[in-house]
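The values are calculated or read from the model by the stated rules, or taken from the named source; none is laboratory data. Everything numeric here is computed off the predicted structure, so don't read it as measured data. Counting neighbours? That spans all protein chains shown, and the Cβs are built from the backbone with ideal geometry, glycine included.
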């Protein structure tokens, strides 16, 4: 009864207020140039804040440099919105950016769960979200403003499997994930493809922040598997690697992009030696193309760039490029819808790779890189496909 | 699971159990004297880990061995114990004593403790950075010897030995010293103890400090076995609290027993049901035990059994 | 079983003369705590309509006996039978306290256990309503039965407060009442559950002589006017002799004498128990 | 001589506490304690004098101890507001703080505050009388409300009108927060208040029922891997979620409610963890870590009356306000009935309650079930509003948070719980632009501690509890 009343009230009130859509009125700076904002949504607090901060710093650096170059007819500003990496904070975080009408493009959401919880809102607002979330199912959910700036996990999981089956000829693989949405998604891909290749699979979930990895490592050792796949973040991969070394598991080990971070080698020390790492990303610290970026980043934040810092930097520049192309500051039509259209059709050469997108927002192109930890550093072995065909 | 496999989980299980025991004692001690759950004990543990981490990062050379290793470990133990003690002392002084003075109900303590816990771990995250840190290498973690064929490495041995030493030391302290009998007196009947001339404030404060030493050292040991981060207190804290309840909260030996039991249950759960059910196994055991023994395995009195 | 006191008092039964018809029969009850024997083969019969006193030195097991009768303790051996007016028998041992109460046994406590933050009226109402049947849904929806039950309970509570002389204190918090008033409030609260047997645990402890006289009168009224049998623990011998029809003496958890007050007082075993050495007293003190 | 010494020691101890208590009462400005401030004031000089007489060294005397304490607070604040730490250099933040100037500003502020409080009699008096004057009208509100039901009704109606109409003026992101956090958590706090505030059961796993409600809604909308026998109209999922949670509450409560307070706390905490892990691990049933996507919005389809809830948070906000209003009315009735009285009796003395025919387990179970079904409602609304749930929506931390909200507002008091939950749930979002986002929970924690020290009874304590706290403090 009451809910019916509520419903009536609601209908009435919506009719009264109408809908106040943004009509692209950009704010203007003191020098008369318009101001456009690039938003970032990701975990700035909570468990995964380290990754969020990596990305945020990349975005901030790109914004800062874009303004500093002085060749733009507009100002770029940065707008942060923290979702703590969790879906429940995501709608509010997204809405905050959507409500700020000068935000015309977004880097993020960083995580798949958060992307799912806020995708409907961004789609409604027509605000393009250039996301690093790599869960394969995302483009199928029908978010029209979602584009992915990295190859999805099908590609990555596939690359791991290809390398194991074709290069190392493994018979039995132990697949471990951290029970996060990210890890589980990757493990599913890997399991499916391994089984298709006729390889025996043992699957296990070891929740992130497990206080002691010894038991899990012992289980790996007893399984008799001749290779291990770990899908999770470096912060959990490191103690796991230590315990694997302690129990004496010396078979090939491969880990996903969540582990691809210099901190993995710092945390795990000797135990990281010999681990293989796949990533859609290039290591900004070693790649020649990102050398300048890495130096700037270090000066700015007193720390080397981390996972996805460079990709976020690229994604930000991608959006700025499109604003420029739309004629931002020269009376061009820089509304969200226009930016969305432009980004979806973009073909942009960033520091890390070439960016272009399929119709459903999926990243077009491939390129999973394989690296190895050698002498305490992550060294690039090369593109998985080329490695396998060469071997 | 073959017998061979069964064997290999024993040492890790005992080591984890020893760690839980030491943390659980911190909960149980405070519960014994104040009848309140010191929810912020997990942050004492966390800060103990950070204390040792900071000092050791400053002093540890690249690849120490031999006597240097031993000294470094001792240094870590001392520093983490001191930091833990200091944190617990401050915690009592700021978050609990004012409440005690006005005779606040237990729930108020709980919320104050939760607030203190939030404050401390987020402050640590802010000050020291929010990504995990590894303890500097203090020794080469190789297998030392085998027990019935099961390998025992340095970290696990250190965990078990240090925990046992602390437990035995604490048991002696509580049973043999004047401070110990004062603690027991306060645990049994604070009013009567007060009338007999025991300075309750001082005893409560010292109880916190003792629990803090244990908690801080546990943080260091935990960090050695895995790594240090600002959120590292939460899970071991909850588990150790469960262990204290399992054994009978307020009961020292109960806390040790409960800790050991949960450590073994969690470890053996891995080959039996899979790692992802770790806490389900732990809590299922807890609920089952409490159904049949509503005050835990050994019952709930610090004064009586310790 | 769910008849409220209101209905029972409304029936206004004539004062029940003490008959040989037992309302409570305790036989061979033994209660141990670990190695300590708190009650040892206690036999006791309360006849319908009588006031029966249990006396004994401190630690003789009187309160343990009450706790055993009301379901708070579970004696290892023996039998406790409650006989209703209709003659059906209920065994009380092993029943939950609230169940024992529903069968018609109410009690007060030696160390007053009122609901201290509730008003006097609310204290009595809680007891009066414990047997009523309306559930949360009925109450939240304001069904007529819930309202009627609430009104009935309010009426009973006010009547009982008047009976014990607290009607002008109804809205005061229980812990703000004087000690004597608290004792009487406990009695009113116990009566509100509509018992056929009332257990009073040292109701006169800590009261002054005037209050004691009033209390004796109150106990007699409860017994005569409401027709409720009373089992009474009391140290105050004048009070016991003035109200009790019969007395049972406990010492070291054993019944050492039983009979009318005048007889029991002359019993040599009783005299010895009361003049016994302080040594035995203190030793027994611990069993409680 | 020794007797005299003893008594003076006692007085010294008592007196020594006074300045602290006056400080606290002045800051909370509560009515009850203003009176005590006045009567205790003349005792203060003698605290110093007595401390001197008893041979305390200078730094042990109250005045200097207060200086130390204030300076420590200053340093702490400097550390709290300092630089964010860096991943590479552990001591970066501390080093910058202790070599920077902000530290000295904080310390100077602390010392100045101390000096004014200790020596500046004039400004102190001015502040005190100003605070009293400011607090006087506030202090009169409560008695006025207590005595006049009409005023109370007017206030409630005004509050309700504000809650319904004000969101029209807010931007959508505020309204998102108002739904996702404030509305939902007010509902949860209301439910938990029944369990903890009224029945006195320490439940540390309350959000588990929120999860069960959400997943039940997902189930009946056919989005889980396990399919329902038939799909329900999304709106019907509210009562269904309620019943599901009710049953879950009874299932959990029946075997465990005999446990004493702290044991119950850990068992409920464990229950939460188990529900969370089942949601996470039982992939074939719950969808596991990937969560459930595509839970439809509510819709009403009754002939002429048709409405579909959509992406606009306002719709859900009004729905929540409606639900909260109904629940408040029902709960009010409940707590003033025999059930409320019986809960209170059980809280006061469980043994006595049982001895008077109260089936204590039944009543506790009732509280548990009512609380659980309330959070079932919240779960259903949440799942439908966001359309996506996954286990990370229900971490253990949230159970603890809801508990903090209830106690912060005032256990057992409906207005208190509404206000407390609304304020605290909004705070982290309100603070977003004020303090560094990463530090929000640090400030929240500090606020909780300070609150518990100076106003443990909560913002708007229940009437009866106000009396209890007062008598306790007096004794």
statement: Taking the range A:214-227 and the residues there that are touching a helix residue (DSSP H, G or I) at 6+ places or on another chain (Cβ under 6 Å) and more than 7 Å from chain B (Cβ to nearest Cβ), the one that is nearest to residue A:163 (Cα to Cα) would be A:227
task: Could you look through the range D:349-390, keep only residues that are touching a residue at least 12 places away in the same chain (Cβ under 8 Å) and within 9 Å of chain C (Cβ to nearest Cβ), and pick out the one that is farthest from the chain's Cα centre (by Cα)?
output: D:358
field: Residue, surrounded by the most Cβ atoms within 10 Å (Cβ to Cβ), within the range D:285-298, restricted to residues that are more than 8 Å from chain A (Cβ to nearest Cβ) and more than 15 Å from residue D:228 (Cβ to Cβ)
entry: D:298
- request: State all residues of the range C:126-141 that are within 7 Å of another protein chain (Cβ to nearest Cβ) and modelled with pLDDT of 90 or more; if no residue qualifies, say none.
  value: C:126, C:127, C:129, C:130, C:136, C:139, C:140
message: If the requirement is being in the same structural domain as residue A:190 (by TED's automatic domain parsing) and within 19 Å of the chain's Cα centre (by Cα), which of these qualifies: A:270, A:261?
response: A:261
- request: Could you list, in sequence order, all residues of the range B:118-141 that are in contact (Cβ under 8 Å) with a residue 60 or more places away in the chain and either more than 7 Å from every other protein chain (Cβ to nearest Cβ) or touching a strand residue (DSSP E or B) at 6+ places or on another chain (Cβ under 8 Å) (or both)?
  value: B:120, B:121, B:124, B:125, B:132, B:133, B:134, B:135, B:136, B:138, B:139, B:140
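Per-residue answers, yes or no, for (1) assigned to a strand (DSSP E or B); (2) touching a residue at least 60 places away in the same chain (Cβ under 8 Å); (3) touching a helix residue (DSSP H, G or I) at 6+ places or on another chain (Cβ under 7 Å):
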{"position": "C:224", "(1), (2), (3)": "no, yes, no"}
{"position": "C:257", "(1), (2), (3)": "yes, no, yes"}
{"position": "C:262", "(1), (2), (3)": "no, no, no"}
{"position": "C:265", "(1), (2), (3)": "no, no, no"}
{"position": "C:269", "(1), (2), (3)": "no, no, no"}
Residues being part of a loop (DSSP other than H, G, I, E, B), away from chain B (no Cβ under 14 Å) and without any contact (Cβ under 8 Å) to a residue 12 or more places away in the chain - total across the range D:56-109: 3
Wholly enclosed helices (runs of 4 or more DSSP H) of the range B:1-103 bearing at least 3 residues within 14 Å of chain A (Cβ to nearest Cβ): B:3-8, B:10-34, B:41-59
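Kindly indicate whether any position in the range C:102-111 is part of a helix (DSSP H, G or I) and within 10 Å of another protein chain (Cβ to nearest Cβ).
To start, the set of residues in the range C:102-111 that are part of a helix (DSSP H, G or I) comprises C:102.
Now drop any that are not within 10 Å of another protein chain (Cβ to nearest Cβ), which leaves C:102.
So far as the range C:102-111 goes, yes, one or more of its residues are part of a helix (DSSP H, G or I) and within 10 Å of another protein chain (Cβ to nearest Cβ).
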query: Being at pLDDT 95 or above and over 24 Å from residue B:35 (Cα atoms), is that true of even one residue in the range B:244-262?
result: no
query: Applying the selection to the range D:333-343, what residues are at the interface with another protein chain (Cβ under 7 Å from one of its Cβ atoms) and closer than 21 Å to residue C:102 by Cβ?
result: D:337, D:338, D:339, D:341, D:342
message: Can you tell me which of (1) out of contact with any helix residue (DSSP H, G or I) (no Cβ under 7 Å at 6 or more places or on another chain); (2) over 17 Å from residue C:232 (Cβ atoms) is the one residue C:196 doesn't meet?
response: (2)
- prompt: Limited to the range D:255-281, what total is found for residues that are surrounded by 23 or more Cβ atoms within 10 Å (Cβ to Cβ), more than 7 Å from every other protein chain (Cβ to nearest Cβ) and more than 11 Å from residue D:204 (Cα to Cα)?
  reply: 3
The one condition in (1) in contact (Cβ under 8 Å) with a residue 60 or more places away in the chain; (2) assigned to a helix (DSSP H, G or I); (3) more than 29 Å from residue D:85 (Cα to Cα) that residue A:311 fails to fulfil: (3)
- prompt: Between a first residue in the range B:176-201 that is surrounded by fewer than 17 Cβ atoms within 10 Å (Cβ to Cβ) and a second residue that is outside any helix (DSSP H, G or I), which pairs have beta carbons less than 8 Å apart while being 6 or more apart in sequence or on different chains?
  reply: B:188/B:301
statement: Of D:165, D:188, the only residue that is within 14 Å of chain A (Cβ to nearest Cβ) and under 18 Å from residue D:385 (Cβ atoms) is D:188
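One line per residue, one yes/no per condition, for (1) without any contact (Cβ under 8 Å) to a residue 60 or more places away in the chain; (2) more than 14 Å from chain D (Cβ to nearest Cβ):
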| position | (1), (2) |
| --- | --- |
| B:216 | no, yes |
| B:227 | no, no |
| B:248 | yes, no |
| B:258 | no, no |
| B:279 | yes, no |
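Looking only at residues that are part of a helix (DSSP H, G or I) and within 14 Å of another protein chain (Cβ to nearest Cβ) in the range C:162-182, which one is farthest from the chain's Cα centre (by Cα)?
Across the range C:162-182, the extreme among qualifying residues is C:176.
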message: Consider the range C:67-101. How many of its residues are within 12 Å of another protein chain (Cβ to nearest Cβ) and part of a loop (DSSP other than H, G, I, E, B)?
response: 6
message: So for the range D:230-253 (the condition being in a helix (DSSP H, G or I), touching a strand residue (DSSP E or B) at 6+ places or on another chain (Cβ under 7 Å), touching a residue at least 12 places away in the same chain (Cβ under 8 Å) and away from chain B (no Cβ under 14 Å)), does at least one residue qualify?
response: yes
- prompt: Is the range A:180-202 home to any residue that is facing chain B (nearest Cβ under 9 Å) and touching a helix residue (DSSP H, G or I) at 6+ places or on another chain (Cβ under 8 Å)?
  reply: no
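Assess whether residue A:115 counts as being under 17 Å from residue A:315 (Cβ atoms), within 10 Å of another protein chain (Cβ to nearest Cβ) and surrounded by fewer than 22 Cβ atoms within 10 Å (Cβ to Cβ).
In short, no.
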Verdict on residue B:73 being farther than 28 Å from residue D:80 by Cα and out of contact with any strand residue (DSSP E or B) (no Cβ under 7 Å at 6 or more places or on another chain): yes
